[in-house]
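In what follows, a single structure is set out as C-alpha cells and then discussed.
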Amino acid sequence: MTADALTDVAGVRVGHATRTGDGWLTGTTVVLAPPGGAVAAVDVRGGGPGTKETDALDPRNVVRTVDAVVLTGGSAYGLDAATGVMAWLEERGRGVRVGPDPAHVVPVVPAACVFDLGRGGDFKARPDAATGRAAVEAAAASAPGAPVAQGCVGAGTGAVVGLLKGGVGTASTVLGSGVTVAALVVANAAGSALDPETGVLYGELFEGRWVRPPEAGVREAARRRLAEVAERNAPPPLNTTLAVVATDADLSKAQAQKLAGTAHDGIARAVRPVHLLNDGDTVFALATGERPLDPGQPLALNEILAAGADMVTRAIVRAVRAAEAADGPGGTWPSYRELYGTGG
C-alpha cells in the first residue's frame, strides 16, 4: 500500500513547519533525500524566481547529489530557512566532503521560495533558519513512506492560486517497469487553477476521467463571491508554483534536468496563464538511483518524463482541493471546497 505521495519514492521524506496566527500565514517544507543524497537538477521558468544553490545543479557543474530541497514562504527572506537545514545536516556529517575530517562537509541544499509576504497581516512574519530546522526535523522524524500532509501546511500555508486559496499537494504512480515517480507541489500562482464558467479545475480535465461540473446555481454563487474577492483584494504582486519531482530510477544529472523541464508541462495543464513575469515557477527533480533503466527499453525515460508531468498536475489539483479558506488582515481567499463543495 502506498501513500500516493512523494514519500512513495523509497528513502525520500517530507517535513512541514507551519506558522499561523498573530500576523503569520507562512511556513517551510523540506524534502529530505536518503543518506548519501540524490541526483538532482532544476528548471526555472517563471519571470520572478527566488532561489538558492540552483546553479550547482547544472549538469555541467561538479555537484552531483543534494541532501535536501527547501521550499519556503517568505519570498527571498524565507530562503534563510535553508541555513537551518544546512546546520542540521552538518551536525550529522551529511554533505560534500571538503576536508580530512569526516565532519568537514558542506551540505548541498537548494531552495526556492514563494511570495506570501503580509498575507497573515504582518509583512515581517516570514520563515527563518529555525523554521527550516523545524521542517527538516519533522522530515527526519517521519516514518518511511509516511503520508504527507496537504493543503495549508508548510510552504503552502499562505499560498494563493488566482483568487482561491492554494497550498501543498502531492501524488505518485508506479509505472509498468516498477519505477516510482512522484511529485510534491506548492501551488501559489498568479494564474488561475479554475475554469470560472464550469467550476472545474483545469488540472482535472487531464486526469483521464469525466468531471461533473457543479450545478448552475453553485457556479453562479461562486462567480459572485469571486467577483467580491477580486474587488476586495489588492492585486497579488508576486506568486510562484514550486515542485519537486522524485523517482527511484537511476538518472544522470542531464536526465534529471530533462525530468524537471518536462514536469513544467504539469503546471501548464493545471494553471492558466503560467510562467508569467509575476511567477517564479521552479521545478526540482530528484533521482535516488535504486532502479536502473532497462537498456532494452529505449523509451523507458520517456515514460518517466510523462509521469512526472502527470503527477505535478494531479498534485496541483489536490493542493487546491485540500486548501482551507483564509480571511484576515492580509486578504480574503475562499477555498475551492467552500465555493463548489467536494464533488466533481
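Miscellaneous remarks
- Within region 271-298, considering residues that are open to solvent by less than 10 Å² (accessible area, probe 1.4 Å) and out of contact with any Leu (no Cβ under 7 Å at 6 or more places or on another chain), the one farthest from G36 (Cα to Cα): V271
- Residue in region 169-183 that is under 19 Å from R337 (Cβ atoms) and part of a loop (DSSP other than H, G, I, E, B) present: no
Rundown of residues vs (1) at pLDDT 95 or above; (2) within 13 Å of T28 (Cα to Cα); (3) outside any strand (DSSP E or B); (4) of a type outside the set (S, T, N, Q), yes/no style:
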| site | (1), (2), (3), (4) |
| --- | --- |
| N61 | no, no, yes, no |
| G99 | no, no, yes, yes |
| F123 | yes, no, yes, yes |
| P127 | yes, yes, yes, yes |
| A143 | yes, no, yes, yes |
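- Hey, D43 of a type in the set (D, E, K, R), farther than 14 Å from A139 by Cβ and either touching a residue at least 60 places away in the same chain (Cβ under 8 Å) or in a strand (DSSP E or B) (or both) or not: yes
Residue by residue, here is whether (1) surrounded by fewer than 16 Cβ atoms within 10 Å (Cβ to Cβ); (2) out of contact with any strand residue (DSSP E or B) (no Cβ under 9 Å at 6 or more places or on another chain); (3) touching a residue at least 12 places away in the same chain (Cβ under 8 Å) holds:
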residue	(1), (2), (3)
V174	yes, no, yes
V181	no, no, yes
N188	no, no, yes
A193	no, no, yes
G199	no, yes, yes
R219	no, yes, yes
R225	yes, yes, yes
N233	yes, no, yes
V245	no, no, yes
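- Among (1) surrounded by 18 or more Cβ atoms within 10 Å (Cβ to Cβ); (2) under 19 Å from N188 (Cβ atoms); (3) out of contact with any Asp or Glu (no Cβ under 9 Å at 6 or more places or on another chain); (4) of a type outside the set (S, T, Y) - the single one D67 does not satisfy: (2)
- Total residues in region 322-337, condition among the polar types (S, T, N, Q) and either touching a strand residue (DSSP E or B) at 6+ places or on another chain (Cβ under 6 Å) or more than 16 Å from A227 (Cα to Cα) (or both): 1
- Residues in region 73-120 that are among the aromatic types (F, W, Y) and more than 16 Å from A135 (Cα to Cα): Y77, F115.
- Answer residue from region 201-217, given it is surrounded by 13 or more Cβ atoms within 10 Å (Cβ to Cβ) and charged (D, E, K, R) and is modelled with the lowest pLDDT among those: E207
- Some residue of region 250-268 being buried (at least 24 other Cβ atoms within 10 Å of the Cβ), outside any helix (DSSP H, G or I) and either at pLDDT 95 or above or among the small types (G, A, S) (or both): yes
- For the condition closer than 16 Å to A270 by Cα and of a type outside the set (G, A, S), L184 qualifies.
- Test result for A306, open to solvent by 10 Å² or more (accessible area, probe 1.4 Å), of a type in the set (G, A, S), at pLDDT 95 or above and under 15 Å from the mean Cα position of the chain (by Cα): no
- In the set T288, T240, only one residue is out of contact with any helix residue (DSSP H, G or I) (no Cβ under 6 Å at 6 or more places or on another chain), in a loop (DSSP other than H, G, I, E, B), closer than 25 Å to V70 by Cβ and of a type in the set (S, T, Y); that residue is T240.
- Residue under evaluation V105, criteria (1) open to solvent by 40 Å² or more (accessible area, probe 1.4 Å); (2) farther than 30 Å from L277 by Cβ, criterion not met: (1)
- Here is the figure for region 130-157: residues that are more than 13 Å from the chain's Cα centre (by Cα) and closer than 18 Å to S75 by Cβ total 4.
The values are calculated or read from the model by the stated rules, or taken from the named source; none is laboratory data. Computed from a predicted model, the values in this text were never measured in an experiment. Using ideal geometry, Cβ is built from the backbone for each residue, glycine included, and neighbour counts are taken over all protein chains shown. In case anyone asks, the SASA skips ligands and DNA or RNA and just uses the protein heavy atoms, side chains included. Shrake-Rupley method; radii C 1.70, N 1.55, O 1.52, S 1.80 Å.
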